[in-house]
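Novice: The structure that follows is given in the form of C-alpha cells.
Derivation of every value follows stated rules applied to the coordinates shown; laboratory data play no part. Quick caveat: nothing in here was measured; it's all calculated off a predicted structure. Cβ sites come from the backbone with ideal geometry, for glycine too, and all protein chains shown count toward neighbours.
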Amino acid sequence: MTTSVHELDLPTLDLLDIPFEDAQSVMLGVAATSWIARNPFGYTILRHEDVAAILRDRRWHNAASIIPELAGVTDEEFLARQKVSILSAEGDVHTRLRRLVAPAFSPRAADRLRPFMREVINGLVDPVAASGRADIATDICEPYPIAIICELLGAPKSDWQLFSRLAEDVLRVFNDNFVEDLPIIKRAQEELDEYVRGLIHDRRARPADDLITALIAAEEAGDRLDTDELITMVGAVIVGGTDTTRNQLGCSVALFADHPDQWALLAERPELASRAVDESMRFFGAVRGTGRFASEDIEYRGALFPAGTMVMPSMSVANRDAAVFADPATFDITREAAGQNHLTLGSGIHYCLGASLAKAELQEALPILARRMPDLAIAGSITWKPSNVGIFGPEHLPVTFTPSAG
Ligand code: HEM
C-alpha cells in the first residue's frame with residue numbers, strides 16, 4: 001500500500017509573518033533537498049517539474065473555490081457565485097466557459113489595445129516627469145490596469161473613477177479581513193453587476209469593438225453565455241486582471257531599480273521588452289503561489305495524497321529551479337526562450353486567461369518608464385504588502401529619477 005503523504009518525514013515550513021525575501025530564501029533552501037514541505041495548511045510544492053505537473057493534473061482542483069468557506073464565509077449566495085466563476089470552476093463547467101471566451105482573449109485582441117496602453121502610461125508619467133520623483137505604486141501601477149480594463153470592456157473614461165472604486169471593494173476578497181469585509185464586497189459586487197448589465201444591454205442594441213460585444217457574440221456549436229454568465233465572466237476579468245497587473249508592474253520596477261544596468265539596457269533597446277517582461281515575471285512574480293486540493297485520492301511520486309489534501313504550488317520557488325533555468329539567481333533581460341517557462345501565469349487548464357493582455361500591458365509600460373525615468377533609484381524604502389497575500393507587490397514604491405523629455 002502506498003504511504004500517505006501525512007506519514008512521510010518531510011521538512012516543515014511555517015512562514016507566516018516572515019518578510020517575503022526571508023520566506024523566499026528559506027523556501028529555496030528547503031527546495032535544494034526536497035521537492036515538498038509540510039506547512040500549516042497542507043504541503044508546499046517547491047520544484048518546477050512538480051509545480052507544473054500538479055497544475056496540469058485535472059484531479060487537483062483550484063482552491064479558489066473553497067477559500068471563502070475555509071475563511072469562514074457562510075453566505076450561500078456568495079459561495080454559489082464563486083463556484084460558477086471561471087477562476088474556480090472545474091471539469092465540464094470550466095471547459096465550456098474557457099472554450100467560449102478564449103478567442104476574445106487572443107494575442108491579437110490584446111495587440112489592438114497597445115496604442116491605448118502607451119497613451120495611458122505616458123499620461124500617468126506626464127504629471128510626475130518634471131519633478132524627478134514619484135511613488136510608482138500609487139502614481140503609475142494603481143491606476144494603469146483600471147483604464148485598460150475599462151477600455152477593454154468598452155466603459156467610457158467618465159466611469160474610470162466609479163469602476164476603480166467598485167473594483168477596489170470587490171478586490172477585498174484578497175485581503176486578510178475578507179470575512180469582515182464581506183458586506184462591502186457584496187455591495188460592490190451588486191453595484192458592479194448592475195453596471196455591467198447596463199453595458200451588456202447597450203451592446204446588445206449597439207455592438208461595438210470591445211470585449212462585452214465579443215463575449216455576447218461568443219458562440220460555439222450553438223452554445224452561448226447567458227446574461228448572468230456574462231456578468232460573472234466580467235467579474236472574473238476584474239478580479240483576475242486588476243490587482244495582478246498593477247502588482248506585477250510594481251514588482252518589476254522594484255526589481256529594475258535594483259539592477260540599473262538592466263533598466264538602462266531596456267531604455268536603449270525597447271525591442272527587449274518581451275524578454276524583459278518574462279524575465280521579471282520569472283525573477284519576481286506578483287503571484288508567488290497558488291492553492292489546489294485533491295478532488296480524489298491521488299498518487300504522486302510514490303505518495304498517497306488523500307482526497308481533500310491541500311497543496312500550495314510555489315511558482316516563485318519553481319521559477320528559480322536550476323534544472324530549468326541556467327544561472328537562476330541572475331536577472332538578465334537578454335535571457336532567451338527558456339526564460340518563458342516561468343510559472344507566474346500558472347499552467348494547465350487555469351493558465352491565465354488574460355496572459356496576452358497582461359504581457360502586452362507590461363511590454364508597453366516598462367520601456368516607456370525606462371526611457372522617461374532614467375537613473376531610477378529607490379528614495380527611502382519600499383513598503384511591501386504582507387508576504388502572505390495571494391497577490392504580492394509594493395504598496396509604496398518611492399523613486400527619484402533624472403527628469404527626461406523622453
Ligand atoms: C501580470 C498580471 C497577471 C498575473 C501574474 C496573472 C496570474 C494568473 C495566474 C497565476 C492564474 C492561474 C491561477 C491558478 O491556477 O491558481 C491566472 C488565472 C486567470 N487570470 Fe491572470 N494574471 C495576470 C493578469 C490577468 C489579466 C490582465 C486578466 C484579464 C483580463 C486575467 C484573468 C485571469 C483569469 C480569468 C484567470 C482564470 C483562468 C481559468 O481559471 O481558466 N489575468 N492568472
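Novice: Under the 0.36 nm per residue contour assumption, what length would be gained going from the current alpha-carbon distance of Thr400 and Gln161 to full extension? If you can, show how the numbers build up before the last one.
Specialist: Numbers: separation 239, 0.36 × 239 = 86.04 nm, distance 2.75 nm.
The Thr400-Gln161 span can extend by a further 83.3 nm.
Novice: Moving to a separate point now. Taking 1 over the mean of 1/r across every pair of different Cα atoms in the chain, what Kirkwood radius in Å do you get? The partial results should precede the final answer.
Specialist: Values: mean 1/r = 0.0452 Å⁻¹.
Radius from the Kirkwood sum: 22.1 Å.
Novice: Now, a different point. Find which of Val84, Leu70, Leu15 sits farthest along the positive direction of the dipole of the stretch 3-400, computed with +1 on the beta-carbon of Lys and Arg, -1 on that of Asp and Glu, about the Cα centre.
Specialist: Val84
Novice: Note down the magnitude of the dipole of the stretch 3-400 about its Cα centre, charges +1 on Lys and Arg C-beta and -1 on Asp and Glu C-beta and zero elsewhere, to the nearest 20 debye.
Specialist: Working: 38 positive and 59 negative charges, 166 e Å.
Roughly 800 debye for the stretch 3-400.
Novice: Which of the listed residues, Ile378, His396, Asn341, is farthest toward the dipole's positive end in the stretch 313-405, when Lys, Arg count +1 and Asp, Glu count -1 at the beta-carbon?
Specialist: Positive-end residue among those listed: His396.
Novice: Assuming R0 = 30 Å, what is the FRET efficiency of Ile184 and Thr383, from their Cβ-Cβ distance, to the nearest 0.05?
Specialist: Values: r = 23 Å, r/R0 = 0.77.
Efficiency, from the Cβ-Cβ distance: 0.85.
Novice: Using a Gaussian network for the chain with springs between C-alpha atoms less than 10 Å apart, which of these wobbles most: Ala307, Ala89, Ala167?
Specialist: Ala307
Novice: At 0.36 nm per residue, minus the direct Cα-Cα distance, what do Ser131 and Phe174 gain on full extension? Give it in nm, one decimal, please. Walk me through the numbers before you get to the answer.
Specialist: On the way: separation 43, 0.36 × 43 = 15.48 nm, distance 3.40 nm.
Gain on stretching Ser131 to Phe174: 12.1 nm.
Novice: Hey, in the GNM for the chain with a 10 angstrom Cα cutoff, which one of Ile200, Ile349, Ile18 fluctuates hardest?
Specialist: Ranking Ile200, Ile349, Ile18 by mean-square fluctuation puts Ile18 first.
Novice: What net charge is computed for the residues neighbouring Ala147, neighbours being all others with C-beta under 13 Å from the C-beta of Ala147, Lys and Arg scored +1, Asp and Glu -1? Intermediate values should be presented prior to the final figure.
Specialist: Working: positive: Arg118, Lys157, Arg246; negative: Glu119, Glu142, Glu151, Asp159, Glu361, Glu364.
Residues near Ala147 contribute -3 overall.
Novice: List the lysines whose Cα lies under 23 Å from the Cα of Lys186, skipping any in the same chain that are fewer than 8 positions away.
Specialist: Lys83
Novice: Right, here's the next one. Within 10 Å, Cβ to Cβ, of Gln262, how many net charges do the neighbouring residues add up to if Lys/Arg are +1 and Asp/Glu are -1?
Specialist: Working: positive: none; negative: Asp258, Asp261, Glu279, Asp332.
Summing Lys and Arg as +1 and Asp and Glu as -1 gives -4.
Novice: Quick one: check the C-alpha center-to-center distance for the stretch 76-91 versus the stretch 248-326, whole angstrom.
Specialist: That distance is 26 Å.
Novice: Can you tally the net charge around Ala188? Count Lys and Arg as +1, Asp and Glu as -1, for every other residue whose Cβ sits under 12 Å from the Cβ of Ala188. Provide the component values of the computation, followed by the final result.
Specialist: Working: positive: Arg165, Arg172, Lys186, Arg187; negative: Glu168, Asp169, Asp181, Glu190, Glu191, Asp193, Glu194.
Residues close to Ala188 contribute a combined charge of -3.
Novice: Considering the dipole of the chain built from charges on the beta carbon (Lys and Arg +1, Asp and Glu -1) around the Cα centre, which of Val173, Ala104, Ala294 is farthest to its positive end?
Specialist: It is Ala104, whose Cα lies furthest towards the positive end.
Novice: State the Cα centre-to-centre distance between the stretch 152-191 and the stretch 197-223 in whole Å.
Specialist: One Cα centre to the other: 22 Å.
Novice: Another question about this same structure. So which residue, out of Arg269, Arg288, Arg172, gets the largest mean-square fluctuation from a GNM of the chain using Cα contacts under 10 Å as springs?
Specialist: Of Arg269, Arg288, Arg172, the Gaussian network model singles out Arg269 as fluctuating most.
Novice: Which loop-located trypsin sites (Lys or Arg not before Pro) does the stretch 32-62 contain, where loop means any DSSP state but H, G, I, E or B and the Cβ has at most 14 other Cβ atoms within 10 Å? Don't skip to the answer; put the middle values down first.
Specialist: Numbers: sites: Arg38, Arg47, Arg56, Arg58, Arg59; in loops: Arg47, Arg58, Arg59.
Sites meeting the loop and neighbour criteria: Arg58.
Novice: Starting from the Cα coordinates of the stretch 70-111, work out the convex hull volume and express it per residue in Å³. Mind showing how you got there, number by number?
Specialist: Numbers: hull volume 4.2 nm³, N = 42.
Dividing the Cα hull volume of the stretch 70-111 by its residues yields 100 Å³.
Novice: If you don't mind, another one. For Asp261 and Thr95, what does the FRET efficiency come to when R0 = 41 Å and r is the distance between their Cβ atoms, rounded to the nearest 0.05? Don't skip to the end; give the middle numbers.
Specialist: Working: r = 45 Å, r/R0 = 1.11.
For R0 = 41 Å, the calculated efficiency reads 0.35.
Novice: Starting from the 7 Å offset along Cα-to-Cβ, what nm value, one decimal, do you get for the label separation of Ser34 and Phe116?
Specialist: 4.9 nm
Novice: Arrange Asp327, Asp258, Asp181, Asp243 by Cβ neighbour counts within 10 Å, fewest through most, would you?
Specialist: On the way: Asp327 9, Asp258 12, Asp181 15, Asp243 26.
The most exposed by this proxy come first: Asp327, Asp258, Asp181, Asp243.
Novice: Starting from 0.36 nm per residue, how many nanometres of slack lie between Ala326 and Glu220 once their C-alpha separation is accounted for? Write down the numbers at each step before the final one.
Specialist: Values: separation 106, 0.36 × 106 = 38.16 nm, distance 4.25 nm.
Result: 33.9 nm gained on full extension.
Novice: Follow-up. Could you tell me which of rounded, prolate or oblate describes the stretch 69-201, using a ≥ b ≥ c as the square roots of the eigenvalues of the alpha-carbon gyration tensor, with rounded for a/c under 1.5 and, failing that, prolate when a/b is larger than b/c and oblate otherwise?
Specialist: Values: a/c = 2.09, a/b = 1.39, b/c = 1.50.
Since a/c reaches 1.5 but b/c is at least a/b, the shape of the stretch 69-201 is classed as oblate.
Novice: Between Asp332 and residues 5 or more places away or on another chain, which pairs have amide H atoms under 5 Å apart, with H built 1.01 Å from N, and which residues are they?
Specialist: Here nothing satisfies the definition.
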